[in-house]
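Structure first, then comments.
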Amino acid sequence: MPAKLRPPRKRTLALAAVASAGITVLTAAPAASHGYTTSPTSRALFCQQGAAKNCGQIQWEPMSVEGPKGFPARGPRDGTICAGGVGRFSELDQPRGGQWPATKLTSGQSFTFTWRHSVPHATTSWHYYITKDGWDPTQPLTRAALEPEPLVNVSGGGRLPPRTVSHQAVLPAKQGRHLILAVWDIADTGNAFYQCSDVDFG
Ligand SMILES: [Cu+2]
């Protein structure tokens, strides 16, 4: 029996070595690996997928929409919210005449919001906003265009989240096109990640 036990122990050690090498790589990765929303599909992700064209830099790094945290009191200024205030991602703020690809939603439905964190960060919270009734999809997003109360606000407890994080919410009664803003506040930096998703309630 001891002869049989020895090889598994060696294998465990080898795996541990691989694991620690992996951790070294992760901590050495640039702060440029962050996250984006896959549900509803964000503008940045539609750009990466090619469903939205002429997106500029964001098509290569939909996870990098990182701006100052503290929204809505602070954070990116009105008209630059969808790009997180990052100038090189300004295509995300352009309304495109209300023609961005949109996710179909239904009033009152239970909906699952999902973030994909390419490298997770210790998290203060995730919060989600939707535009007010009568929102004009041909205008850049401003704070005044959003319902003041978030659809849902989930604490991250300052912990590292898994790579995929989902949150449930019951959607309000809405008609036509709207914009959903997802904000991921990081606990141990001054930053947050911003994702705008076009949706259509029909
Ligand atoms: Cu990051």
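The values are calculated or read from the model by the stated rules, or taken from the named source; none is laboratory data. The model shown is predicted, which means the values in this text are computed figures rather than measured ones. Cβ placement follows ideal geometry from the backbone for every residue including glycine, while neighbour counts extend to all protein chains displayed. These area figures cover heavy atoms from the full protein model, side chains too; ligands, DNA and RNA do not enter into them. Shrake-Rupley method; radii C 1.70, N 1.55, O 1.52, S 1.80 Å.
Points to keep in mind about this one:
- For SER155, the test of being modelled with pLDDT of 95 or more, under 22 Å from GLN49 (Cβ atoms) and assigned by TED's automatic domain parsing to the domain that holds CYS55 is failed.
- Extreme residue, nearest to ASP185 (Cα to Cα), among residues of the stretch 62-84 that are crowded, with 18+ Cβ neighbours inside 10 Å and within 16 Å of the ligand (Cβ to nearest atom): LYS69
- Tabulated pairs, the stretch 173-202, first of a type in the set (Lys, Arg), second open to solvent by 10 Å² or more (accessible area, probe 1.4 Å) and away from the ligand (no atom under 16 Å from the Cβ), C-beta under 6 angstrom, 6+ apart or interchain: LYS174/SER107; LYS174/PHE201; ARG177/PRO137; ARG177/ASP200
- Qualifying residue in the stretch 30-53 (condition: of a type in the set (A, V, I, L, M) and modelled with pLDDT under 95): yes
- Checking each residue in the stretch 178-193 for being open to solvent by 10 Å² or more (accessible area, probe 1.4 Å) and under 20 Å from PRO148 (Cβ atoms) picks out only ASP185.
- Meets criteria (more than 16 Å from the ligand (Cβ to nearest atom), among the basic types (Lys, Arg) and over 13 Å from LEU181 (Cβ atoms)) for ARG88: yes
- Residue identified as without any contact (Cβ under 8 Å) to a residue 40 or more places away in the chain and either assigned by TED's automatic domain parsing to the domain that holds LYS174 or under 25 Å from GLY134 (Cα atoms) (or both) among GLY84, GLY97, GLY56: GLY56
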